[in-house]
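Down below is the structure, laid out as structure tokens.
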């Protein structure tokens, strides 16, 4: 199954969650934006491990993006303890 078909299938789930008031984070969009903005080319494979799950690099990028979003939404305070 291609990424676009998977993303389309996930779209239905995201829509259903949004309808119920749940927030979602599009990890593919975050990683794609990171890849576009990186000062050096990062191969797409670097964002995934051998089992097609997010790599340690991807987890770091996603954690930073989620922290920024939660901070922007006023859910967490990034100033620290």
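Brief remarks follow.
- Working note: Cα atoms of the chain, range along each principal axis, descending, whole Å: 37, 34, 22.
- The relative contact order of the chain, computed from alpha carbon pairs under 8 Å that lie at least 6 residues apart in sequence, is 18 percent.
Here, each number is a calculation from the coordinates, and none is a lab measurement. Note that the coordinates shown come from a computational prediction; the quantities given were computed from them, not determined experimentally.
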